[in-house]
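Engineer: Sharing a structure below in structure tokens format, with a few things to ask.
The values are calculated or read from the model by the stated rules, or taken from the named source; none is laboratory data. A quick note: this is a predicted structure, and the numbers were derived from the prediction, not measured. Ideal geometry is used to build each Cβ from the backbone, glycine not excepted, and the neighbour counts take in all protein chains shown.
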Amino acid sequence: MYPEYPAPPNQPNPDYPGSPNPYAPNPQYPGSPNPYAPNPQPYPSPNPQYAPNPPNPSYPGAANPQYAPPGAYPPNYAPSGPQAPSSPYGSAPSGVYGAPPTSPVGAYPPVPPIPPQRRNSPLPIILSIVGAVVILALVAVGAYFALKPGNPSTNITPTATTAIATATLAPTATATPNVTASYTENRPACDTPNDWSVTSSQVTCGASAMTLTNAANAHTLAEASFNGTGSGFGASYDVSVNISNITNACAGMVVLGDNNQGVGVYLCNDGSWFVNQYSASGAPKTLGSGNAGAVTLSSSNLLDITVTPSNIVVNAEAASLTTVPRSDTLKTTYIALAVENGNEANAASAGFDTFSYAAIS
């Protein structure tokens, strides 16, 4: 049926009355056949090659031995066994039905192997340790030279700025333990300078004495350190020196010197005196003192100190000033001549001559 044209072909269309049938015989050509009418008779086959085949007596019911019906085989064509079904996609796969696919459709690709983790190299840690050791070594060497006796760059803040010396003790070189028996020098650190450790800017060699100067606001002692001819000292000894021209200063000697530690004995320009003991950090502690005018100063003033394992005995101008009992365990590696500023705002100086050391057996 045709939904847009309900009338069947070859019939007048009822929706359009009187419309001609396009498939009716043409009245202008009488006798013309309808080209769409059925043929009343079959077409003869004029070609004998396509004539019907005569029956074959060998195969009843078969029209032609070359076109045998399905299931029948001529004698020379035996069946070859079951055949694989034909593939709708061309030639049949290998085997009876073909090998199964190696990977199903839509399968995920294989996961790549996880690479082994790299172990952190210990080289950065080793280099850091070596660098730290080198830095510590450099700091230790720098500290040693910075704290060398007479070095003005070694500053330890004093506990007070009074006329009594409060400056800290600057360290000096440590000597080897070969004991010095005796020693005398008229201009200490000038006549035989190789036996001393000094800061050249602090020492002036005069005709008869050595002048030791400390700069203003130094906050440390100016020192000329005697290391000994045998580079060592005994447990008991006596040491003396003449001190002159004390200017804005307290001048004297440090005994039992061992790096920052030691005991200092000083005479000041106002006639006062004091004894300080220095700790490992160089900080002073007063063990004894005398007020201004306790010592009558002259143009040259002899200071004498005797050291034993139990006491330190101090004399000035042949008069006894004090005896200090010892509770320390210090061993002498150097003896120093020293100057401290009485007023830190101004420079200080004093002259030294006739230095003498003698071991006590």
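Engineer: Just checking, how many residues over segment 276-292 are within 53 Å of the chain's Cα centre (by Cα), surrounded by 17 or more Cβ atoms within 10 Å (Cβ to Cβ) and over 20 Å from Ala218 (Cα atoms)?
Structural biologist: Number of matching residues: 1.
Engineer: Among the residues that make up segment 277-295, is at least one of them at pLDDT 95 or above, within 25 Å of Gly228 (Cβ to Cβ) and either β-branched (Val, Ile, Thr) or in a loop (DSSP other than H, G, I, E, B) (or both)?
Structural biologist: The answer is no; no qualifying residue exists.
Engineer: Let me ask something additional. Looking only at segment 320-353, count every residue that is farther than 21 Å from Trp196 by Cβ and in contact (Cβ under 8 Å) with a residue 12 or more places away in the chain and tell me the total.
Structural biologist: Summing the residues that are farther than 21 Å from Trp196 by Cβ and in contact (Cβ under 8 Å) with a residue 12 or more places away in the chain in segment 320-353 gives 14.
Engineer: Within segment 194-212, which residues are in contact with a Pro (Cβ under 6 Å, 6 or more places away or on another chain) and among the aliphatic types (A, V, I, L, M)?
Structural biologist: Met210
Engineer: Residues Ser299, Ser361: which one is outside any strand (DSSP E or B), within 17 Å of Thr247 (Cα to Cα) and in contact (Cβ under 8 Å) with a residue 24 or more places away in the chain?
Structural biologist: Ser299
Engineer: On to the next question. Ser327: out of contact with any strand residue (DSSP E or B) (no Cβ under 7 Å at 6 or more places or on another chain) and either more than 27 Å from Ala216 (Cβ to Cβ) or surrounded by fewer than 17 Cβ atoms within 10 Å (Cβ to Cβ) (or both), yes or no?
Structural biologist: Judged against the criteria, Ser327 is a match.
Engineer: Of all residues in segment 326-340, how many are part of a strand (DSSP E or B) and more than 19 Å from Lys285 (Cβ to Cβ)?
Structural biologist: Residues meeting the conditions: 4.
Engineer: Give segment 195-210 a look and list any residue that's touching a strand residue (DSSP E or B) at 6+ places or on another chain (Cβ under 7 Å), in contact (Cβ under 8 Å) with a residue 12 or more places away in the chain, in a strand (DSSP E or B) and more than 17 Å from Thr229 (Cβ to Cβ), or say none.
Structural biologist: Val203, Met210
Engineer: Sticking with this structure for a sec: Select, from Thr213, Thr192, the only residue that is without any contact (Cβ under 8 Å) to a residue 12 or more places away in the chain and among the hydroxyl-bearing types (Ser, Thr, Tyr).
Structural biologist: Thr192
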